[in-house]
1. Using the structure shown, decide if residue 125 is surrounded by 12 or more Cβ atoms within 10 Å (Cβ to Cβ), within 15 Å of residue 8 (Cβ to Cβ), at pLDDT 95 or above and not aromatic (Phe, Trp, Tyr).
2. When you go through (1) open to solvent by 30 Å² or more (accessible area, probe 1.4 Å); (2) within 16 Å of the ligand (Cβ to nearest atom); (3) part of a loop (DSSP other than H, G, I, E, B); (4) at pLDDT 95 or above one by one for residue 326, which number turns out not to apply?
3. Taking the stretch 161-205 only, how many residues are open to solvent by 50 Å² or more (accessible area, probe 1.4 Å), more than 19 Å from the chain's Cα centre (by Cα) and either within 12 Å of the ligand (Cβ to nearest atom) or on the phi < 0 side of the Ramachandran plot (or both)?
4. What are the residues in the stretch 339-370 that are part of a helix (DSSP H, G or I), more than 15 Å from residue 402 (Cα to Cα) and open to solvent by 40 Å² or more (accessible area, probe 1.4 Å), if any?
5. Test residue 107 against the criterion of being of a type in the set (Lys, Arg) and over 18 Å from residue 195 (Cα atoms), and give yes or no.
6. Could you go through the stretch 161-181 and let me know if any residue there is out of contact with any Phe, Trp or Tyr (no Cβ under 7 Å at 6 or more places or on another chain), outside any loop (DSSP other than H, G, I, E, B), of a type in the set (Asp, Glu) and modelled with pLDDT of 95 or more.
7. Six or more apart or on different chains, Cβ atoms under 7 Å: show the pairs whose first residue is in the stretch 160-178 and under 24 Å from residue 261 (Cα atoms) and of a type in the set (S, T, N, Q) and whose second is open to solvent by 20 Å² or more (accessible area, probe 1.4 Å) and more than 8 Å from the ligand (Cβ to nearest atom).
8. Is it true that residue 77 is of a type in the set (A, V, I, L, M, F, W, C), within 30 Å of residue 36 (Cβ to Cβ) and either open to solvent by 60 Å² or more (accessible area, probe 1.4 Å) or in a helix (DSSP H, G or I) (or both)?
Amino acid sequence: MANEYDLIVVGAGTGGYVAAIRAAQLGLRTAVVEKQKALGGTCLLWGCIPTKALLEHAHALKVVQHAKDWGISLGQAAATIDMTQVQTRKDRIVAGLTKGVEFLFKKNKIDWIKGTARLAGNGGVDVFEGEKQTLRARQIIVATGSEPRGVPGIDIDRKRIITSDEAIHLRKVPASLVIMGSGAVGVEFGSIFSRFGSDVTVIELLPRLVPVEDEAVSAELEKSFRKQGITCYTGAKVTGARADADGVDIDALLADGQAKQIRADYLLVATGRGPVTAGLNAEGIGLELEKGYVKVDAQYQTNVPGVSAIGDVITVGGAGHPQLAHVSSAEGVIAAERIAGQDVRPINYDHVPGCTYCDPEIGSVGLTEQEATARGYDVRVGVFPFSALGRAKIAGETDGFVKIVAEKKCDELLGVHVIGLRSTELVAEATLALRLESTVEELIRTIHAHPTMAEAIGEAAHAVHGSAIHM
Ligand SMILES: Cc1cc2nc3c(=O)[nH]c(=O)nc-3n(C[C@H](O)[C@H](O)[C@H](O)COP(=O)(O)OP(=O)(O)OC[C@H]3O[C@@H](n4cnc5c(N)ncnc54)[C@H](O)[C@@H]3O)c2cc1C
């Protein structure tokens, strides 16, 4: 029957659309219900792709601003950024990629059902778009993702007190921007708008920027941000914000107990994202939730037979589940393969790479020195600074380093933390090394081409053994 499927996926983000493609490849008749007018979810429409497009503009502006260093003459003209063109180029990239997902749906014969899904129980999914229609499937994957989370006492009006959903569409460079929260989203927008010319202030409740990273990485980022003129208040709290037509008055309590008032064009609230289950009837069909997240096991099965869940909307129980595009996709592949009857292995969340594309960018995987110590490992570390690396000097980007965290007795690699040029690419080698349970010695014996940024991985491995060559 037309409305009968093997699998219905609710949500076409990086979790849902990847799960659907994998399921279709394995022969399952698959439909995806998506309430937005385009496919791709947060990552394509408001997240990974558009932010990185803006960051690429920021990088281009940086190169032009340093034209003199490259022997390029611009005459007297100062480099400025045209936000209309920035937004147009970003929108073109986004449109191209969402159309690409549409093409993949057609190629894999996946039905895209437009509308908002509501779980009806017993394999039923009601879809509302104008008229209601009911679909049925043997299996359902919930992949409804996440949305910006507010904070008590701060009224997000989406005009002057905004989230990343609004910041990504700003058509004018703000004169001033205060960012609440220094996770990936906060520091990426900080880098974008600081480079574009805004006066940027970051206020972070915890004692350091990018608090999930290794402490040495946080310190390096703060040093670099201050050098770039970004004001950072750590251990500080936004206690109130009042918006008017032209801007926002922000009250903060600084780490030393001092009260601070800041007037800015915008306050960007970047304090995390919460699960999207509103209107889904999750509780109605008996889905077990934990703090609003859909609870799943290591194979992404919920407590309701025939209903799985993946991506930003889930908790795998216990510690925080990483809200990352590549994690949602990896989970989508596993869920689809399990539903298609394949043998699947659980993800090792300790081996998930995390990339933050601020300037300088950060790529990290595995345990930080602090986490490894807390887990009782006899830890030794090796650090190699980019200031000693030929390729970094050539690029004129010598801020940053590679830090390797290892275990002493068996020489086991536990984590790799990179800040600086190409960190988000360098982390791929480290991720594979962790997956293959490499020792530090194996990283030392791996020949790294010269001159590359990747040489710093080999050198940092040497440094763990006290044998760095160029230091
Ligand atoms: C500014 C920003 C930058 C980011 N940058 C990165 C990055 O560089 N790298 C990275 O790995 N991650 C990044 N992320 C995180 C990444 O975007 C998410 O982890 C990822 O999109 C999660 O995918 P998902 O499929 O679980 O959910 P989503 O992408 O949120 O997709 C969920 C989809 O479900 C749809 N939906 C929800 N409810 C219903 C319903 N009832 N019926 C029908 N459809 C529904 C939504 O419309 C949406 O399209 C970023 C996020 C933000 C906000």
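The values are calculated or read from the model by the stated rules, or taken from the named source; none is laboratory data. None of the values given here were measured: they were computed from a predicted structure. For neighbour counting, all protein chains shown are included, and Cβ atoms are generated from backbone atoms with ideal geometry for every residue, glycine included. Areas reflect the complete protein model, heavy atoms only, side chains present, ligands, DNA and RNA absent. Shrake-Rupley method; radii C 1.70, N 1.55, O 1.52, S 1.80 Å.
1. On the way: surrounded by 12 or more Cβ atoms within 10 Å (Cβ to Cβ): yes; within 15 Å of residue 8 (Cβ to Cβ): yes; at pLDDT 95 or above: yes; not aromatic (Phe, Trp, Tyr): yes.
Yes; evaluated as a whole, the condition is true for this residue.
2. Failing condition for residue 326: (3).
3. Here the count works out to 5.
4. Kept after step one, since they are part of a helix (DSSP H, G or I), are these residues of the stretch 339-370: 339, 349-351, 369-370.
Right, trim to more than 15 Å from residue 402 (Cα to Cα) and you get 339, 349-351, 370.
349, 350, 351, 370 - these are the residues of the stretch 339-370 that are part of a helix (DSSP H, G or I), more than 15 Å from residue 402 (Cα to Cα) and open to solvent by 40 Å² or more (accessible area, probe 1.4 Å).
5. Working: of a type in the set (Lys, Arg): yes; over 18 Å from residue 195 (Cα atoms): yes.
So residue 107 fits the description; yes.
6. As a first pass, look at the stretch 161-181 and keep what is out of contact with any Phe, Trp or Tyr (no Cβ under 7 Å at 6 or more places or on another chain): 161, 163, 166, 169-172, 175-176, 178, 180-181.
Subset that is outside any loop (DSSP other than H, G, I, E, B): 161, 166, 176, 178, 180.
After this cut, where a residue has to be of a type in the set (Asp, Glu) as well, the list is 166.
Those still in the list that are modelled with pLDDT of 95 or more too: 166.
Yes, the conditions are met somewhere in the stretch 161-181.
7. 163/156; 176/199; 176/265
8. Numbers: of a type in the set (A, V, I, L, M, F, W, C): yes; within 30 Å of residue 36 (Cβ to Cβ): no; either open to solvent by 60 Å² or more (accessible area, probe 1.4 Å) or in a helix (DSSP H, G or I) (or both): yes.
The answer is no for residue 77.
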